Every structure is written in structure tokens, then in C-alpha cells.
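In what follows, a single structure is set out as C-alpha cells and then discussed.
The values are calculated or read from the model by the stated rules, or taken from the named source; none is laboratory data. Quantities reported herein were computed from a predicted structural model and do not represent experimental measurements. Neighbour counts are summed over all protein chains in view; Cβ atoms, including those assigned to glycine, are modelled from backbone coordinates with ideal geometry.
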Amino acid sequence: MLISEARDPEYIKNLATKQDVIDRLKSDLNKADIKYSALGSTKLAIYNNVTRATPIYTLAATNDGGFDIVDDSQTRLKSTRTPEEASTLFANYNDRGKVVSFSKTQKTATFGTGNNQKAVPYNSFASNYYEMPDGQVFANKHYFTGVISIVSAKYVRKADDGTIMYGHYKYSSEHQALVISSIEILGTNSTKVYSAAPTKKELKANPDAASEWFDLVKKYAKATTLDGDQLYNACLNYLLTTFNSTTVNAAVKGGKLKYVVEPAEQLLKALSTEYGEDAVTSNIDEVDNDNANNPIFTVKPCDGILLRIIMTRPEPGAKANKIVITNVDKTLLFNDIKFNNNEINNPDYRGAEVATIVTNAKRDSVSRKLNFDLNADDVIEAIDNYVSANQEALATAIPKRAEAEAYSAKYTTRLAADREKLNIQRARDDRRAQKLADREAARIAKNYKPGTIKKAAETLWSSDEEYDDFLNSLVDL
């Protein structure tokens, strides 16, 4: 920031507006129990309940009282491609680390003797500069990529009927200008997206979808832009409405169905067919409605084995699903009760590892699009192999488990009986103590006679003077 900028009244005013927006956002996010961290004084990174490693959104305050919502979790620095006919220039540095010259060839020093000689580069490193055949020198330009605009505050408008419309623009090489590409309108727990190119499915369901788009664009063009409280509330409503249905990171944005729901449904169908619907449970309904969940299945292929299958999301920058299978049933642990005693008694037992299967998305050779096709047979094969490998262990573990459970039940019953006896004895003792206390109180009350203490005192001290002397002696002690 330049000193002249800091002194600019308009800059100071805009900065104060942005900081007020951020302070207001912090309060509203706290009320909504949404985790966030500050990125300077005018930006916030917000997180869902799955991870704090990668923010799902970044909120950037604007001068007009609203805030932009972007997904920059996959931001990365890229550089322009060096022309094939260009020659890389190597930089030579002085002892203070500054570039003093460039050369077309990398300087090397030879070390070793005979066949062990090696040419090692020194004081010369590939730079961002290159030279064209005609002798011109250029530098590679760097730029940021991977930033996805979710909501731009300047494109939020309010129609005459009160509808809040969130516009999205993209650059058109044909018109050499920004043109509107889609419009979002908030629903109950999601947004409805209208675009210039309705899908075949949308056109099949509604042949008038294309003409409706043009009507919506006209409505958007006549709508008024927002600022201040109205703009802030519009941006906040979008955030709160879509927060629970956002993806964990940009790597799977727009691909929830392809990379999460569809493979999960495919796996559920295969498991139910193989082991029966009663032996399989899943959370697919929750995953379909809330992107923050991973698909989780439980499968009981036989007595003594209960498998938990978790399908994790693709890692940032990768197009792969990892399926982790664990056996959460403790039956096999009973083959060595002494060694596994802690796990047997652990209520938070995570299970024994069965298999981990990683499936990558493949790029179509023609369309170049990524397609995910889960091979459910790999999961079923891993389960069957685990069951087969543990048949003999189950044959001994199941009787030992039954024996341990019977002993535990017997011990629990005996412990409950002993506890009941102890409670009866305590109640009996309490009644006896109360009876003795009541009898002693009655005896004292029966033997009490008024003036008895006074008479006893008179037998000890014949006069008031002697009694006073006695009291004084106690004080002197």
C-alpha cells in the first residue's frame, strides 16, 4: 500500500466499510455456529465440520457493504508456457544473491576421476527469462488460477417482485466482453440455477426452458442493484442457504453426483445384491442432501464379522476415491482375550483393518472428460477374501465369545445381586442407627429436669464470686 493511498479519504472510507462488514460477519457466523479464521482485516476463510485444513469459501468484503464469496482452495501460481523455439537463459548470481548476468549455457564443474567423473552445475540456475531465435529476451508471466467465483456482490440484484437474483458473468471471445452466463435464485435449502444452455434433461422436462432463460435475463436487466444492508443480507442469505450443501474443496465442486453419490449408489446396489438388503445399511440419503458427509456402509456377511465401509472424497487436486474397509465386530478379538482385553472393553473401538481400495477417475480419450466408474467387484472380492481367511479363526472365536459373554452375564448378575444385598444391609443399618438415635433422644428427654444444671453449679461454687473467679481463670488461660 502506498502512503498516498493511506492518506486518500476515499480509501480510508472504503477500508472502514469493509472492516465493518467483516465485524458484522463474525457476529453472524458465530450465531450460525460456522467456523472461520481471519485473513487480514477484510477477508474471512470459513470451514465446514469436516476439515479445517482447507476452507470451503473465502469471504471478501466490498466497498458497497456486501461481500464476495469465492472458492480459492485450489488457487495456484501458473506461468505462461515458454515457446518451443526459445532458449532458456541461466542466471548467474553474485555473493549477495543478486542476478548479475544471464547465459545460454549452464556452468558446470567436473568432480571425480576416470569413470566417476560428474559435471555438477554451479552458480547458474534456470531463470524465468528466455531468448528467442531473433535475439529478443522475454520473461515468463505468472498468474493465479483455480479461483472459483461463487457470488460477486456487484452482480446481486433485486427484481420488481422482490426476487433476489445472483448473476454470474464470463468472458465471451466472440463479443470480447463479459456476458451473463447464469442466474441463481435461492430456494429453501438450495439454489436454482438458470443458464443460457439448458441441459437435455431440463429441456425434456420443460421444452420452454430456453425461452424462460431469455425472460429471466430481461427481468435481471431491469432489476435494481443493491448496496448497504440489503446487499449484505442478500450475500449472507446465500451463504447460510448453501453452506450445508457445499463441497469440501474445489477438486470435487460440481462433481458431487459423479464422484460421491453415484459411486455410493452403485456400491450399495452391489452389496445388497451380494449379501442381501437386510445385511447392508448406508447413509446415502444424508450424503445426497449434505455434501459434508462421506458415504458410509455397514455389511454383515456372516456371524462374527461386521464391516464398516467408508468412501472418502477425492483429495484436493486428485480425482480418486478411497474406500476403507474395517471390521468393527470384536468377535475375532476373543481368540486372545488377555492380549485384546483393552480393545474388547473399549466402547470407541475403531475396528480391524480389512482393505483399502483406491479407484481413480479415467479421462475419456475422445471427450477428454473425467469419468468415474467404481468397480464394486473389488470391494466384494476384498470382503469375501477376508471372510474366507478368517473362517477357522471364527470357528474358535465365536464359542469363546459366547463363553465370555455368558461369564460376563453371570458376573454381572452376581454383581447386581451383591449390590442389592449391600443396599438392603445399608438400609437395615440406617434404620437401626435411627432407632438407636430416637431411643437416646427419648431417654435424654425423660431424664431432663429444669434447674438441674443450676443445682449442679451451686454444688461446685458456693457463691457468685467464686463462679466469676472460675470464669476469669478460663480467660487467663
*Between residues in segment 405-418 that are more than 20 Å from residue 344 (Cα to Cα) and modelled with pLDDT of 80 or more and residues that are among the aromatic types (Phe, Trp, Tyr) and surrounded by 10 or more Cβ atoms within 10 Å (Cβ to Cβ), which pairs lie under 6 Å by C-beta distance while being six or more apart or on different chains?*
none
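Each row is one residue, and each column tells you yes or no for (1) crowded, with 18+ Cβ neighbours inside 10 Å; (2) under 17 Å from residue 235 (Cβ atoms); (3) at pLDDT 85 or above.
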{"residue": "31", "(1), (2), (3)": "no, yes, yes"}
{"residue": "38", "(1), (2), (3)": "no, no, yes"}
{"residue": "41", "(1), (2), (3)": "no, no, no"}
{"residue": "44", "(1), (2), (3)": "yes, yes, yes"}
{"residue": "52", "(1), (2), (3)": "no, no, no"}
{"residue": "59", "(1), (2), (3)": "yes, yes, yes"}
{"residue": "63", "(1), (2), (3)": "no, yes, yes"}
*Output the residue which, of all residues in segment 311-336 that are modelled with pLDDT of 80 or more and hydrophobic (A, V, I, L, M, F, W, C), is farthest from the chain's Cα centre (by Cα).*
334
*Between residues in segment 207-232 that are free of Cβ contacts under 8 Å to residues at least 24 places away in the same chain and surrounded by fewer than 18 Cβ atoms within 10 Å (Cβ to Cβ) and residues that are assigned to a helix (DSSP H, G or I) and not charged (D, E, K, R), which pairs lie under 8 Å by C-beta distance while being six or more apart or on different chains?*
209/203; 210/203
_Return the residues of segment 138-179 that are of a type in the set (Asp, Glu) and either crowded, with 16+ Cβ neighbours inside 10 Å or at pLDDT 75 or above (or both); say none if nothing qualifies._
160, 161
*asked:* Looking at segment 374-428 only, could you name the residues that are closer than 30 Å to residue 264 by Cα, part of a helix (DSSP H, G or I) and of a type outside the set (Gly, Ala, Ser)?
replied: 377, 378, 379, 380, 381, 383, 384, 385, 386, 387, 391, 394
*Restricting attention to segment 88-99, which residues are surrounded by fewer than 12 Cβ atoms within 10 Å (Cβ to Cβ) and modelled with pLDDT under 75?*
94, 95, 96, 97
*asked:* So residue 105 passes all but one of these: (1) surrounded by fewer than 16 Cβ atoms within 10 Å (Cβ to Cβ); (2) at pLDDT below 70. Which condition number does it fail?
replied: (2)
*Output the residues belonging to segment 108-135 that are at pLDDT below 70 and within 48 Å of the chain's Cα centre (by Cα).*
120, 121, 122, 123, 124, 125
_Suppose we filter 374, 460 for residues that are in contact with a Pro (Cβ under 6 Å, 6 or more places away or on another chain), aliphatic (A, V, I, L, M), modelled with pLDDT under 80 and at negative phi; which single one remains?_
374
*How about segment 180-192: which of its residues are at pLDDT below 80 and surrounded by 11 or more Cβ atoms within 10 Å (Cβ to Cβ)?*
189, 190, 191
